[in-house]
Every structure is written in structure tokens, then in C-alpha cells.
Amino acid sequence: MLGLRAFICNSLPPGPHVFYQQMRTTFILKRKSPPPLHKKGGKPAKMRARHFVYDLVQDTNVCKQPDIKIILNQFVDGVGNKGDSLSLHPHKAYREYLLPGLAVYASAKNLEKYKVDESKPKTEEKFSSPYVQRTMGCLSRTLLQITMNKLEPWTLEPWHISTSFRKSGFIVPEYAIEMPPVEIRGPDLSLQEKEFYVTVTINKKEKVNVRCRIHHWATGLDRLPWEEFHWKKPKEALIPEQAAVLESMPLPQ
């Protein structure tokens, strides 16, 4: 069969061609007229044309297929952790999980291998939520611009950070924010656009560092000039002890 296929492919003229792939389909049929019975050891009666007329009982192409169970063999963002079992439509399970190698069939051997016990609640998970890794990735690539008054004295506090997060589209409560190890006071133009990071705790478990910069704000003649694409330009670390961590963090997008 393989040699015949290679011969056909090599004998075709150049240009686009259509190849047909065999499909797995099942049709369940029933004879309209059952053939007559014959005695044991005797000669079967001759089949008539009416014996080859069938009624269609079931077509697997149109009937709904039952869901199948699979087991994730790794963390899948927004879906689940390693060892989680899912019940999905066969096409979806095969195309999106089994074929890419993200999951395996929930056979007895795999249930034992991944220690899946559906009767017991999950107590240990790699992440506190299927969306934690995505959230951590977004926060780690965020440049949090903290706008502070240029004329009035201030001390940077968690509520300033929480407000800046809200302006950027993230709801981060104050208790989840770990401030830098030194107190930051202003106004001080030497702090302008210098970088530092705060640590955010998600679901009281996962921690992620978020890059921050101070921007002094004022109106009228006291207003600082706008710097185009300022988030793409590297800046000096405000706290020298944080410089190494800031260099290892992803660049803002």
C-alpha cells in the first residue's frame, strides 16, 4: 500500500492536488427481510434481492457522541493543573489536548499513574487557580506608573500603589501589596522615572514582582514635559538592592 501511494504521488504532474483520507464512520443497519433459516449441516437457501434491502438504524456521523475523560499531564493555563481530569467532547479532547500532548486518556493505568482520586477533594495544587499563571505573566510585564504630587509633600504608601493598579486595570487590595524595603518620600525630582518594584501576593499564595516608576505631576508651568515611549526606555534602579531583580524581570509591553 505504501509503495502504491508513493508511485501515485511520484507519477502526478506538478501542481495542487487533492488527497482523500480514510474516515472512521459506523452505520448500523437492519435487514428488512431476514433470510430464511436452514438446517444444521444443510445447504443455505439462496438469497433474494429483498434480503439485501436494509433500514438505517444509526449513523455515527449525526448522532451525538458521549464525552470522554482525559487527564492533564501538565499545567494548562486557564484549564487546570497536572493530574486534573476533564470530561470533553471526543473531537475537542483529541484536537486540543491529546494531539498536542497536553493530556492522556483516563485509563485505569493513567488514573493510577497520576494518582487521580475523583472522590476526594483536591488539596494540593501547583497553582491556587487555573488563571494564576496568566495573571502573574501580565503583572510581571506591567510598568506601573505611580503619579505623585510635584508640589506637596508625600510618603509612598500601599494605597498609592493600589490606586495606580486600578488605573491600569488591575484590582489589587492594599493587604496584597508588599512595599519596598526603604521609605520613599517626595516631592523629589531625583526619583523621577527611576525604577523599583513591589511584590503582589495573589490568593494569599503566589507572589509576583511588579515594576514601578515615580512620575511627578503638576499643572501649568510646573508640569514636566511628556517623554514619548518612556516605558520602552531603560531606567536606573531607585533602590540599588533591587537592581539585579529588575534586570531579570520581563521588559514592559
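The values are calculated or read from the model by the stated rules, or taken from the named source; none is laboratory data. Every value quoted in this text rests on a predicted model; they were computed, and no experiment measured them. Positions of Cβ are backbone-derived with ideal geometry, glycine not excepted, and every protein chain shown enters the neighbour counts. For accessibility, only protein heavy atoms count, side chains too; no ligands or nucleic acids. Shrake-Rupley method; radii C 1.70, N 1.55, O 1.52, S 1.80 Å.
Show me 73-85, 240-252 ranked by packing, highest mean number of other Cβ atoms within 10 Å first. Numbers along the way, then the final one.
Details: 73-85: 16.2, 240-252: 12.6.
Packing order, densest peptide first, comes out as 73-85, 240-252.
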(message) Kirkwood Rh over alpha-carbon pairs of region 174-253, then Stokes-Einstein at 37 °C and 0.692 mPa s: what D in µm² s⁻¹, rounded to an integer?
(response) 231 µm²/s
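What is the diffusion coefficient of region 28-109 in µm²/s, taking the Kirkwood radius over Cα pairs and the Stokes-Einstein relation at 25 °C with a viscosity of 0.890 mPa s?
Working: Rh = 16.8 Å.
After rounding, the answer is 146 µm²/s.
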(request) Find out how many positive minus negative residues lie around residue 158, taking Lys and Arg as positive, Asp and Glu as negative, among other residues whose Cβ is under 11 Å from that of residue 158. (result) -3
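What does the charge dipole of region 122-253 about its Cα centre add up to, to the nearest 20 debye, if the Cβ of each Lys and Arg holds +1 and the Cβ of each Asp and Glu holds -1?
Working: 18 positive and 17 negative charges, 107 e Å.
It works out to roughly 520 debye.
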(message) Using the Karplus curve 6.51 cos²θ - 1.76 cosθ + 1.60 with θ = phi - 60°, what ³J(HN,Hα) values do you get for each residue of region 102-115, in whole Hz, with x for Gly and Pro?
(response) 8, 8, 10, 5, 7, 7, 4, 5, 6, 4, 6, 5, 8, 6
(message) Counting other C-beta atoms within 10 Å, and keeping those with at most 10, which DSSP coil trypsin sites (Lys or Arg not before Pro) do you find in region 186-253?
(response) 204
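With a 10 Å radius around each residue's Cβ, average the other Cβ atoms per peptide and rank 40-52, 140-152, 58-70, highest first. Display every interim value, and only then the final one.
Values: 40-52: 9.2, 140-152: 16.0, 58-70: 12.0.
Averaged packing, sorted descending, gives the order 140-152, 58-70, 40-52.
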(message) Please compute the modelled spin-label separation between residue 149 and residue 183, points set 7 Å along Cα→Cβ, answer in nm with one decimal.
(response) 1.8 nm
(request) In nm, give the distance between the simple-model label positions of residue 131 and residue 52, each being 7 Å from the Cα along the Cα-to-Cβ direction. (result) 6.2 nm
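What does the charge add up to near residue 240, with Lys and Arg as +1, Asp and Glu as -1, over the other residues with Cβ less than 15 Å from its Cβ? Mind showing how you got there, number by number?
Values: positive: 194, 235; negative: 195, 236, 241, 247.
So the surrounding residues net to -2.
How many Å² of accessible area per residue for region 185-253, probe 1.4 Å?
For region 185-253, the solvent-accessible area averages 64 Å² per residue.
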(request) Give, as a single signed number, the net charge of other residues whose beta carbon lies under 12 Å from the beta carbon of residue 140, with Lys and Arg counted +1 and Asp and Glu -1. (result) +3
(message) Binning at 10 angstrom from zero up to the longest distance, how are the C-alpha pair distances of region 146-214 distributed in percent?
(response) 19, 56, 22, 3
(request) For region 96-228, divide the Cα radius of gyration by the Kirkwood radius and give the resulting Rg/Rh value with two decimals. (result) 1.20
